[in-house]
Each structure stands twice: as C-alpha cells, then as structure tokens.
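The values are calculated or read from the model by the stated rules, or taken from the named source; none is laboratory data. Just so we're clear, the structure is a prediction, and the values are computed from it rather than from any experiment. Cβ placement follows ideal geometry from the backbone for every residue including glycine, while neighbour counts extend to all protein chains displayed. Just the protein is used for accessible areas: all its heavy atoms, side chains included, with ligands, DNA and RNA removed. Shrake-Rupley method; radii C 1.70, N 1.55, O 1.52, S 1.80 Å.
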Amino acid sequence: CGVDTPWNGMWYRVVGTGFGRDLQEDFAEQRSYAIAPSVTWKPDDNTELTLLGGYQNEPKAGFRNFLEKSGSITPIPGYGYVPRDFFVSDPNYEHAEREQFWIGYEFEHAFSDGFSIRQNARYHQVDWEHRTLVWDWINPTNGNTTVVDRMASGGTESWETVTVDNQAQFDFSTGFAKHTVLAGVDYLHRTRDYQWGRNFGVPSIDLHNPVYGYDFSSLVLNPSNDEELTASQTGVYLQDQIKIGRLD
C-alpha cells in the first residue's frame with residue numbers, strides 16, 4: 001500500500017509491504033516487512049529535492065540448502081528420489097534473518113540557459129544472519145543408502161555501500177541538430193564483514209524416518225572464515241544525444 005499527497009508545497013509518500021509464504025520444504029517459511037517513506041520539496045519551478053529512505057526486516061528470510069546428484073538427478077538404489085518437501089535441516093536450529101535500511105537524496109536544479117545539475121546519493125546497509133544443517137553426503141552405513149550425514153554451518157554478513165553520482169546536462173542546438181550532453185562523475189564505496197563457521201558433529205538424518213527436534217543449544221561452530229573487505233570505484237562519463245527531426 002502507499003500514499004502520495006501534497007502538503008504546503010511539499011509532496012510525501014509512504015509505501016509499506018508485507019509478504020509471507022510457506023516454502024516447498026517442510027518447516028520452511030518466508031516472511032518480510034518493509035516501509036519506504038519519501039519527501040519531495042520544490043521551492044521553485046527550477047529546483048527539486050527528494051529525500052528517500054527505507055527499512056526492511058525479514059525475520060524468516062527463506063531456506064537455502066544443497067542436494068547431491070544421488071536422489072535428485074539419479075535415484076537412490078532401493079529408495080528412489082528425495083521428495084521435494086524433504087527438510088534436511090532441523091527446525092530447532094534453522095535460522096535465516098536479514099535486515100536492511102537505506103537513506104539518500106536526489107537533487108536537481110535547472111538554470112535558464114539550458115544548463116542543469118543533479119546530485120544523487122545513497123547509503124545502504126544489509127545485515128544477514130544464517131545457520132542451517134547442510135546436506136553433506138549419503139552415508140551407506142551397513143549398506144543403508146538413505147542415511148544423510150549433515151554439517152552445521154552458519155555465521156553473519158554485513159554490507160555497507162555509499163554511492164554518489166554528480167551530473168551536468170547541457171541542452172543546445174547546432175543547425176538542425178538538437179544536443180543533450182550529459183557529463184558526470186560517480187563514486188562507490190563498499191565494505192563487507194563476513195564471519196562463518198562449521199561443525200561436523202551433528203546427528204545424521206534418515207530419509208525413510210527423519211527425526212527432528214534435537215537440542216542444539218550447546219553446539220559451537222568452528223570458525224572457518226573471517227573476512228573484512230573494502231572496495232572503492234570512481235567513474236567518469238560523457239555522452240551526447242543528438243536528435244535531428246524524428247531521428248535520435
């Protein structure tokens with residue numbers, strides 16, 4: 001739903017969404033809620049400033065796991081194919097949550113001689129937390145080809161992104177040709193903080209008789225990844241769009 005209304009020379013909009021569904025695997029769900037307000041201010045016909053923000057929370061961000069060739073592409077001897085609704089993890093351990101917010105602005109001012117400037121900027125942050133029991137491999141213990149060994153896996157990930165785009169536009173004519181020249185400089189800066197761990201000491205699960213509800217309160221993941229990454233990028237661009245009659 002959304003609202004877009006003028007008020008005292010300003011325009012504001014509030015958009016909200018909610019989403020929920022059950023996924024194909026047993027116990028797997030997806031839930032998402034978001035709100036995105038914005039305000040536009042036009043002090044005169046040549047100047048416009050829009051502030052934009054948003055927040056999204058996914059307390060159940062979905063289910064992601066793996067299957068091996070046996071049971072998905074080729075049948076398991078004496079069993080067949082793994083059902084599409086089979087849940088290899090455990091509802092007592094499975095957790096996927098994502099939270100993000102953003103804020104920015106769009107500014108534009110037009111001068112009287114066909115010259116205008118714009119600046120757009122945005123800050124965006126995403127925080128992700130996930131833990132699951134991963135399908136490792138089918139363990140043919142004592143000739144049993146339906147026992148699946150699992151591995152506990154999980155961690156956190158955080159992204160921060162800053163972008164700024166500066167533009168100048170020139171509109172003019174040369175003879176029969178109308179020109180729109182756009183020049184600009186943009187900048188992007190991104191950081192990533194990623195931590196992940198694993199533990200192989202978790203119970204297996206039998207495709208014939210899956211058992212859920214184990215106590216994982218004392219399970220500790222052994223760190224396998226601890227990364228901090230930074231990337232920056234600067235771009236310069238220039239274009240001339242020419243229109244002659246109906247030809248662009």
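Per-structure values
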{"quantity": "Largest-first ellipsoid semi-axes for region 1-100, taking √(5λ) over the Cα gyration tensor eigenvalues, angstrom", "calculated": "48, 13, 10"}
{"quantity": "Convex hull of region 90-248 built on C-alpha atoms - directionally averaged projected area, nm²", "calculated": "16.3 nm²"}
{"quantity": "Virtual paramagnetic centre 7 Å along Cα→Cβ of Arg246, amide N under 20 Å, in region 143-181", "calculated": "176-179"}
{"quantity": "Region 143-208 - percent of accessible surface contributed by carbon and sulfur, probe 1.4 Å", "calculated": "58 percent"}
{"quantity": "Among Asp44, Asp136, Asp22: highest mean-square fluctuation, GNM of the chain, C-alpha pairs under 10 Å", "calculated": "Asp44"}
{"quantity": "Calculated FRET value between Thr234 and Arg21, using beta carbons and R₀ = 25 Å, to 0.05", "calculated": "0.05"}
{"quantity": "As computed over region 43-168, the Cα convex hull volume per residue (Å³)", "calculated": "154 Å³"}
{"quantity": "For q = 0.13, 0.15, 0.27 Å⁻¹, Debye-computed log10 I/I(0) when each Cα of region 158-237 counts as one equal scatterer", "calculated": "-0.71, -0.80, -1.19"}
{"quantity": "Gaussian network model of the chain, Cα within-10 Å springs - most flexible of Asp45, Asp127, Asp165", "calculated": "Asp45"}
{"quantity": "Computed over region 1-106: relative contact order in percent, which uses C-alpha pairs under 8 Å that are six or more apart", "calculated": "26 percent"}
{"quantity": "Descending semi-axes in Å of region 134-200, equivalent ellipsoid built from Cα gyration tensor", "calculated": "60, 19, 5"}
{"quantity": "Spin-label pair Phe200/Trp137, simplified geometry with 7 Å Cα→Cβ offset, distance in nm", "calculated": "0.9 nm"}
{"quantity": "Length added when fully stretched, Phe66-Gln100, from 0.36 nm per residue minus Cα-Cα", "calculated": "9.6 nm"}
{"quantity": "For region 180-185, Karplus couplings with θ = phi - 60° (6.51, -1.76, 1.60), whole Hz, Gly/Pro x", "calculated": "10, 9, 10, 10, x, 9"}
{"quantity": "Solvent accessible area, Å² - Arg31, 1.4 Å probe, full protein context", "calculated": "60 Å²"}
